[in-house]
Each structure stands twice: as C-alpha cells, then as structure tokens.
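In what follows, a single structure is set out as structure tokens and then discussed.
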Amino acid sequence: MNTLLPTSIVGSLPKPSWLSEPGKLWSPWKLREDELREGKLDAQALAAHEQKQAGLDIVSDGEQTRQHFVTTFIEHLSGVDFDRRETVRIRDRYDASVPTVIGEVSRERPVFADDAARLRATTDQPIKWALPGPMTMVDTLYDDHYKSREKLAWEFATALNQEAKDLEAAGVDIIQIDEPAFNVFFDELKDWGVAMLERATDGLSCETAVHICYGYGIKANTDWKATLGAEWRQYEQSFPLLRQSSIDIVSLESHNSRVPVDVIELLRGKKVMLGAIDVASSTIETPEEVAATLRRALPFVDADKLYPSTNCGMAPLDRRVAREKMRTLAAGTELVRRELS
C-alpha cells in the first residue's frame, strides 16, 4: 500500500439489531431464507460504508454474513455434523457445545467468494477478508474421525487454501488468517501450526496476514487475561517462527494489554498490524491515546510497515461504540502521520 500507516479493523463489527441479537457471539439470525440472504448483504454494505465514513484505509466485510468467525466456514464443509454436538474446552478456557467431525473433510464449493465480490464492488479502497486458522478450527470441534489434531488441521488448511484463492480472484487485497490458538498451544504451534498456516496461504499473490490475539471482550477471555501476570509474553513463542515464515503481516493485541511493546522487535522485517483500540471495553479511546500506542511501537517496527488496527473483533460491542472507536483509530493515526511527514 502507498498509504503511510494504513488503518483497518481486525475482523468483526456489531451486527444491526434487525439482523441478529446484539452483544452476543453465535447470536441467532432474526431473518430467514431469501430475507436473511438480502439482510446479510445489506449489513455488509452498511459495515463497509461505516468503515469508510470513519476514515479507515482498508475495508472489510465486518463479518456481517457470518454468525461466528470459525463455525460459519465449517458449516459449508463436508464431513462435519452440526446436529451431533459434544462439549469441548475451547482454547483451554471455557466449555462450549460444538459440532463433530464424522468423516473426510472437504470444501465442495466457494463459501465467501460471492460476498467478497459484492464488497469489492462497493469500494475502490483495498479490501481485507478474514478466515479462521486451521489450529483454531481444530480447537472449535470434536473430532471423531481423524483422531489427530494435526491431520485434521491439514485438511482444514487445504480447504482454506482453496477458499483463499477464490477470494483473491474476487478482488480481495489482504487475506487474514485468525489464529488465537497460537497464543495457547505452543507445542502444536512449533510442531505444525505455522506449517498449516503456510499451507492455507500457499500460492497467493495478494498480501497475507495472521491475527493472534487474546480474544473477544467476553468474560471467559477477560478472566483468562487476569491470570496471565504482569507481562503477557505469549507472543515470544510465535513471533520468531512467523518472522521466518512467508506471511506478510502479523497482527497483535497492544492497547490496554500487558504485552511488552518490545516483543514487536521479534518481527523485524515483517509488516505489523498493531492493535491500538481495546475491544474489551466500551470506553472510547482518544486520538491521543491511539497515537501514543503507535509511537511506543515505532522504535520496533519501521513506519512503512506499521498497520494500525483494533485489538480484535468488535462484535459484542454496541454499534455506536464501535463506530466511535473506528473514528478514533483514524484520527489518532492521522496525528502520527503528520509527525512522521
């Protein structure tokens, strides 16, 4: 990108109340069939408009056509039974009822390509699309077929690669893989996690990003963060590996976190998508707070490789709060742009 410090949200935005119940993950849709399809696309267009109105440089779909950032993609794969539910521990943090892998996993047709083409038609700005990462997908299911997290992750990575290529063909400029599991399962991260990430992005010409955070601003995640001590150094496990990978951009949580800012040095040479907006709080940052977060990072990442963003998705927040946070992200970034120029 030619823009200095290009801004974006990481993933989700709150959905309109006429589409689904606000403030919830996995919130049921309020519409059905053709009305639901039309409503999702209307919400996606609205999300794109709000990002542009806020002054963001990179536009995403706000995950408006997805009920959840992981399971909506899995719904379209063969080999997974959503009626057969099992309770599993998600990210070693909380229990959830999840679908079961019962057979060979494969992607039979594109999942989001039509939605991405619709987003592409709404703007001439760069667009970004997020997909769930293989390890995070594995951790959001009960596997009664492969009986191997690595084998299942390989099948998911293959399906993701097919999807990513269709998204690129639809005009997506940045494909982001969401891997919050990278902050939890460090042995798997080293053994096969990064390899699966590269399998998912193999052969792409567009930019690729991986998003690793400490989760949405829900109670299970905030309670977990409270146990992590004075400094959160989980990124020290993933960043050296990602620095050696083919991934172009690495996204991390920063503002109001306890992540030591100097861990960014471990990514030297990579582009860094820096979380400068707290999604676990409804308090709206000031432009000066955003600018201060960016300034603290600049000794550890070249300015032309810094991408200001949110810490994570904003789905559970109030829509007004999310809009104001996007405006503040743009305004705070502009303060630093002026200083750099």
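Scanning the range 73-83 for residues that are open to solvent by 20 Å² or more (accessible area, probe 1.4 Å) and out of contact with any Gly (no Cβ under 8 Å at 6 or more places or on another chain) turns up Glu75, His76, Val80, Asp81, Phe82, Asp83. Give the residue that is surrounded by the fewest Cβ atoms within 10 Å (Cβ to Cβ), with candidates limited to residues of the range 153-194 that are of a type in the set (D, E, K, R) and touching a strand residue (DSSP E or B) at 6+ places or on another chain (Cβ under 6 Å). Here the answer is Asp173.
Within the range 264-281, not a single residue is without any contact (Cβ under 8 Å) to a residue 24 or more places away in the chain, over 20 Å from the mean Cα position of the chain (by Cα) and in a loop (DSSP other than H, G, I, E, B). Each residue in the range 31-68 was checked for being in contact with a strand residue (DSSP E or B) (Cβ under 6 Å, 6 or more places away or on another chain) and in a loop (DSSP other than H, G, I, E, B), and 1 pass. Applying the criterion of being open to solvent by less than 40 Å² (accessible area, probe 1.4 Å), within 19 Å of Tyr216 (Cα to Cα) and among the small types (Gly, Ala, Ser) to the residues of the range 84-130, the residue that is modelled with the highest pLDDT is Ala130. Restricting the range 277-292 to residues that are out of contact with any Lys or Arg (no Cβ under 6 Å at 6 or more places or on another chain) and surrounded by 24 or more Cβ atoms within 10 Å (Cβ to Cβ), the residue that is modelled with the lowest pLDDT is Val279. With respect to the conditions (1) open to solvent by less than 10 Å² (accessible area, probe 1.4 Å); (2) closer than 30 Å to Val336 by Cα, Asp57 lacks only one, and its number is (1).
Hey, any hits in the range 21-42 for a residue that's modelled with pLDDT of 95 or more, within 19 Å of Gly313 (Cβ to Cβ) and open to solvent by 60 Å² or more (accessible area, probe 1.4 Å)? Looking through the range 21-42, none of the residues is modelled with pLDDT of 95 or more, within 19 Å of Gly313 (Cβ to Cβ) and open to solvent by 60 Å² or more (accessible area, probe 1.4 Å). If you go through the range 165-185 and pick out every residue that is in contact (Cβ under 8 Å) with a residue 40 or more places away in the chain, in contact with a Gly (Cβ under 9 Å, 6 or more places away or on another chain) and in a helix (DSSP H, G or I), you end up with 4. Pairs linking a residue in the range 147-160 that is touching a residue at least 24 places away in the same chain (Cβ under 8 Å) to a residue that is among the hydroxyl-bearing types (Ser, Thr, Tyr), with Cβ atoms under 7 Å and 6 or more positions apart or on different chains, are Leu152/Tyr146; Ala159/Ser106.
The values are calculated or read from the model by the stated rules, or taken from the named source; none is laboratory data. Since we're looking at a predicted model, the values are computed, not measured. Glycine also receives a Cβ, built like all others from the backbone with ideal geometry; neighbour counts cover every protein chain displayed. Keep in mind that these areas ignore ligands, DNA and RNA; they rest on the heavy atoms of the full protein, side chains included. Shrake-Rupley method; radii C 1.70, N 1.55, O 1.52, S 1.80 Å.
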